[in-house]
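> Please read through the structure below; I'll follow up with questions.
The values are calculated or read from the model by the stated rules, or taken from the named source; none is laboratory data. In this text, all values refer to a predicted model and were calculated from it rather than measured experimentally. So basically every Cβ, Gly included, is an ideal-geometry build from the backbone, and we count neighbours across all protein chains shown. The protein model used for the area step is the full one, side chains on, heavy atoms only, and it has no ligands, DNA or RNA in it. Shrake-Rupley method; radii C 1.70, N 1.55, O 1.52, S 1.80 Å.
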Amino acid sequence: MISDTTQDIEIDALSEAQARAELDRLADLLQKANREYHTEDAPTLSDAEYDSLKRRNIAIEGRFPHLKRTDSPSDQVGAPVADGFSKVRHEVAMLSLANAFDDTDVSDFDDSIRKYLGLPADQVIDYTAEPKIDGLSLSLRYENGALVQAATRGDGEVGENVTANARTIQDIPHHLTDAPAVLEVRGEVYMSHDDFAALNEKQAAAGQKVFANPRNAAAGSLRQLDAEITRNRPLRFFAYAWGALSDPLADTQMGAIERLQSLGFSTNPLTRVCQGPTEMIAHYSQIEAQRATLGYDIDGVVYKVNDLSLQRRLGFRSTTPRWAVAHKFPAELAWTRLEGIDIQVGRTGALSPVARLAPVTVGGVVVSNATLHNEDYIAGRDANGAPIRDGRDIRVGDWVEVYRAGDVIPKIKDVDLKRRPADATPYVFPTACPECGSDAVREPGDAVRRCTGGLICPAQAVEKLKHFVSRAAFDIEGLGAKQVEQFYRDGWIATPADIFTLQDRYGQGMQQLKNREGWGEKSANNLFQAIEDKRKIPLSRLIFALGIRHVGESAANLLANTYSTWDAFETAMTQATVGEGEEWEDLLAVDGVGSVMAASVVTAFQQEAERASIDKLVAHLQVQPAEVRDTSGSPVAGKTVVFTGSLEKMTRAEAKARAEALGAKVSGSVSSKTDLVVAGPGAGSKAKKATDLGIETIDEDAWLDLIGDA
Ligand code: IVH
């Protein structure tokens with residue numbers, strides 16, 4: 001028996017037989033570790049243990065090259081890619097909701113609507129109020145009454161085609177009578193508490209995976225590749241909204257819900273019309289009081305403006321409607337012990353302290369990590385030096401109160417000084433990067449300490465890569481955070497550009513891996529195809545993917561819509577100087593871009609290493625110009641419009657949003673690039689500048705005439 005002992009033998013001392021046995025043992029271990037990490041989401045080896053096994057394997061292969069297995073773990077990277085569902089582009093995007101956490105947020109929501117619409121302070125607005133179901137959203141498309149497609153939300157723009165699965169859900173009608181010719185019904189798929197408990201019992205008895213909560217069970221059941229499995233899962237569906245529609249369902253939200261009900265959908269019986277915040281909050285309290293006895297999970301109450309013509313005027317921000325808000329139930333709390341503080345390094349070099357906790361159940365989910373935000377938060381003060389938690393600091397060994405709000409990462413609310421161990425010492429925040437050893441510094445005004453290592457810091461490099469492949473960025477199927485980490489660790493990719501040369505460099509090696517857990521020929525080919533597909537990338541996604549500090553998804557959209565093409569954007573950013581000049585002024589004129597973000601973008605294009613990495617990447621891509629919305633027939637599509645002076649029929653915010661919806665660009669300042677100035681009473685220097693430059697200037701009525709909305 002050599003196989004039990006080979007693990008302790010130094011590589012130089014291994015006989016050939018021992019080496020063969022040891023390579024077999026390592027292959028088994030690494031295969032199991034890969035499966036646990038990628039497929040089961042339940043690793044039992046630490047990264048360091050995994051790395052050391054992998055290094056030992058490579059070293060033995062180095063000494064005995066002829067013993068290298070054909071399925072050697074050294075060649076193996078990443079995880080199998082499940083053969084997924086086909087993709088569906090939503091005709092009308094599936095958005096999420098802004099959140100309200102207390103009564104003040106609710107009256108602020110009501111005020112913001114009045115303000116946006118320019119309604120008097122004493123005008124009462126009607127809202128529907130209904131439970132927020134904790135499941136997953138689904139869009140059902142009916143054409144001439146027949147269910148033709150069901151799609152998950154996905155990233156809101158593109159979801160997964162789960163039609164066969166949706167057809168197995170009892171609450172979902174296959175045919176509708178007297179429905180609009182095109183009707184997309186949207187709602188939530190969920191599982192009741194009783195059904196969830198029974199399913200888990202059945203799963204456990206069969207030795208199958210049990211689900212952590214009804215939401216996960218519903219999601220796991222709907223996203224089965226085999227619809228027959230879904231059929232045996234007790235899923236339900238509440239309809240609460242709609243997407244594409246050939247004829248209106250009603251004039252009000254409540255009317256539309258009643259119409260959906262009469263078409264045969266289940267709608268939530270706790271949906272009410274409320275007149276203003278007082279009634280909304282009262283209904284919220286009623287729903288909250290019934291929460292435990294409803295028989296299904298809800299996590300708040302959704303308010304929607306009842307009048308659909310007002311909904312239309314209010315429209316959408318980039319990812320949420322202005323006319324709705326989710327009033328969340330308070331987060332659940334639990335006490336546990338803080339066992340340690342780890343520092344994670346993010347893509348912009350931020351050192352983020354993470355609390356390692358003795359595992360504790362909070363709201364049905366086991367929590368063992370929580371964010372500690374930054375060094376001030378640990379020390380018990382806010383960004384301005386004012387005390388938080390009455391100045392109590394947080395120390396390793398302390399009892400801390402943990403909470404979860406929605407899906408976000410758990411947080412720490414408080415610390416119990418009475419239970420503090422006598423030997424607990426104040427936490428000393430590191431001043432060097434724990435990943436690369438570079439200095440970690442805090443710039444004045446920045447709450448966060450950052451590693452100065454840039455791309456030489458492996459943590460920053462890998463986080464940048466993870467961001468690059470994330471859902472709102474390149475979203476490469478089969479190349480998620482875990483795979484990127486592994487590819488990086490194995491030296492296969494160091495910067496985003498390397499992703500696009502993977503096939504040239506490793507295509508052959510990957511195909512040798514077929515018949516193995518991990519990558520097979522098929523999954524490798526799928527990955528290469530997914531990468532190929534993303535060489536064509538919309539400008540906004542590329543800008544977001546670059547991971548420039550302060551440039552989130554909506555800023556990336558703004559920049560893409562403003563500059564339209566990569567060439568124009570790149571040229572402007574190359575020529576710009578922070579704080580002065582025409583390009584700088586143009587950038588600042590973009591509504592929504594402030595000087596901090598502008599400086600960050602310009603700097604990114606001018607830092608040598610970062611710029612080189614961008615150029616190398618873009619050489620592999622065909623960047624698609626900003627999508628011109630279908631504004632055919634719009635008289636202002638592509639025009640740059642400036643609003644100045646006071647408007648009387650709508651607020652500035654509404655005017656801007658309407659203009660943008662019609663394909664116009666709205667700028668804050670008049671320049672030679674302006675096509676049209678809309679001047680209300682009191683217009684001053686901007687109107688004058690427009691006259692000087694010979695730019696067409698019209699009043700508000702003429703503007704409304706022009707856009708066909710007088
Ligand atoms: S309305 C355009 N109503 O909450 C707004 N959403 O946080 C469409 N949800 O993605 C959503 N119950 O999955 C709406 N009664 C309800 C809801 C609800 C649950 C989910 C939905 C949405 C998420 C947003």
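> Roughly how many Å² is the accessible area per residue of the chain, as a whole number, for a 1.4 Å probe? Intermediate values should be presented prior to the final figure.
Details: 33530 Å² over 710 residues.
Ligands and nucleic acids excluded, the figure is 47 Å² per residue.
> In the chain, what percent of the accessible surface is made up of carbon and sulfur (1.4 Å probe, ligands and nucleic acids excluded)?
Numbers: 16250 of 33530 Å².
Solvent-exposed carbon and sulfur of the chain make up 48 percent of the total.
> From the phi of every residue in the stretch 9-15, what ³J(HN,Hα) in whole Hz does the Karplus formula 6.51 cos²θ - 1.76 cosθ + 1.60 yield, where θ is phi - 60° and glycine or proline is x?
Those phi angles translate into 8, 4, 4, 5, 9, 6, 7 Hz.
> Treat each spin label as a single point 7 Å out from the Cα along the C-beta direction, and report the Arg505 to Ile698 distance in nm.
5.5
> If you take all C-alpha pairs in the stretch 322-405, what percent of them are over 23 Å apart?
Working: 1125 of 3486 pairs.
I get 32 percent for the Cα pairs in the stretch 322-405 exceeding 23 Å.
> Karplus couplings for the stretch 253-270 from phi (6.51 cos²θ - 1.76 cosθ + 1.60, θ = phi - 60°), rounded to Hz, Gly and Pro as x?
4, 5, x, 5, 5, 5, 5, 4, 5, 6, 6, x, 8, 7, 10, 6, x, 8
> Please compute the modelled spin-label separation between Ser669 and Asp28, points set 7 Å along Cα→Cβ, answer in nm with one decimal.
Simple spin-label model gives 7.1 nm for this pair.
> Same structure again: How large is ³J(HN,Hα) for each residue in the stretch 152-168, as worked out from phi by the Karplus curve 6.51 cos²θ - 1.76 cosθ + 1.60 (θ = phi - 60°), to whole Hz, x for Gly and Pro?
Listing the rounded values in order: 6, 5, x, 8, x, 9, 10, x, 9, 7, 10, 4, 4, 5, 4, 4, 8 Hz.
> Using modelled amide H (1.01 Å from N, peptide plane; none on Pro or chain starts), what sits under 5 Å from the amide H of Arg442, excluding residues fewer than 5 places away?
Amide H neighbours of Arg442, under 5 Å, 5+ apart: Arg450.
> Sorted by accessible area (1.4 Å probe), largest first, how do His327, His193 line up? The partial results should precede the final answer.
Numbers: His327 0, His193 65 Å².
Order by accessible area, largest first: His193, His327.
> Still on this structure, please answer the following. Collect residues whose amide H, placed 1.01 Å from N in the peptide plane, falls under 5 Å from the amide H of Thr697; neighbours closer than 5 in sequence don't count.
Under 5 Å from the amide H of Thr697: Val677.
> Based on the Cβ-Cβ distance from Glu49 to Asp194, what FRET efficiency comes out when R0 is 56 Å, to the nearest 0.05? Write out the running numbers ahead of the final one.
Working: r = 42 Å, r/R0 = 0.75.
Here the calculated transfer efficiency is 0.85.
> Rounded, prolate or oblate: pick one for the stretch 555-710, where a ≥ b ≥ c are the square roots of the eigenvalues of its C-alpha gyration tensor, a/c under 1.5 means rounded, and failing that, prolate if a/b is larger than b/c, else oblate. Intermediate results must be reported in sequence, preceding the final value.
Details: a/c = 2.64, a/b = 1.73, b/c = 1.53.
Prolate is the answer for the stretch 555-710, as a/c is 1.5 or above and a/b outweighs b/c.
> List the extent of the Cα atoms of the chain along each of their three principal axes, largest first, rounded to whole Å.
Projected onto the principal axes, the Cα atoms of the chain cover 91, 63, 60 Å.
> What is the gain in length, in nm to one decimal, between Ala98 and Thr293 on full extension, counting 0.36 nm per residue of separation less the C-alpha to C-alpha distance?
Working: separation 195, 0.36 × 195 = 70.20 nm, distance 2.65 nm.
Full extension from Ala98 to Thr293 adds 67.5 nm.
> Whole percent per 5 Å bin, from 0 to the bin with the longest distance: what is P(r) over all C-alpha pairs of the stretch 151-269?
2, 11, 19, 21, 18, 14, 8, 4, 2, 1, 0
> Now a separate question. Just to verify a number: what accessible area does Tyr506 come out at with the full protein assembly present, 1.4 Å probe, Å² rounded to tens?
60
> Counting only DSSP beta bridges with both residues in the chain, tell me the antiparallel percent, nearest 5. Show your work: numbers first, answer last.
On the way: 75 of 90 bridges.
Around 85 percent of the beta bridges assigned by DSSP in the chain are antiparallel ones.
> State the extension gain, in nm to one decimal, for the chain segment bounded by Thr361 and Lys202, taking 0.36 nm per residue of separation less the distance between their alpha-carbons.
54.9 nm
> Which cross-chain or sequence-distant (5 or more) residues have an amide H under 5 Å from the amide H of Lys639, H modelled 1.01 Å from N in plane?
Amide H neighbours of Lys639: Lys665.
> Just the accessible area for Arg420, please: 1.4 Å probe, Å², rounded to the nearest 10?
Ignoring ligands and nucleic acids, Arg420 comes out at about 50 Å².
> So how far, in whole Å, is the C-alpha centre of the stretch 247-274 from the one of the stretch 289-332?
15
> Run the simple label-point estimate for Glu279 and Leu455 please: 7 Å along Cα→C-beta, distance reported in nm.
Roughly 6.0 nm, to one decimal.
> List the pairs from Lys32/Lys202; Lys32/Lys87; Lys54/Lys209; Lys639/Lys673; Lys304/Lys656 whose alpha-carbon separation is above 20 Å, in the order I gave them. Can you show the working numbers first?
Working: Lys32/Lys202 26 Å; Lys32/Lys87 31 Å; Lys54/Lys209 29 Å; Lys639/Lys673 9 Å; Lys304/Lys656 22 Å.
Going by Cα-Cα distance, Lys32/Lys202; Lys32/Lys87; Lys54/Lys209; Lys304/Lys656 fall outside the 20 Å limit.
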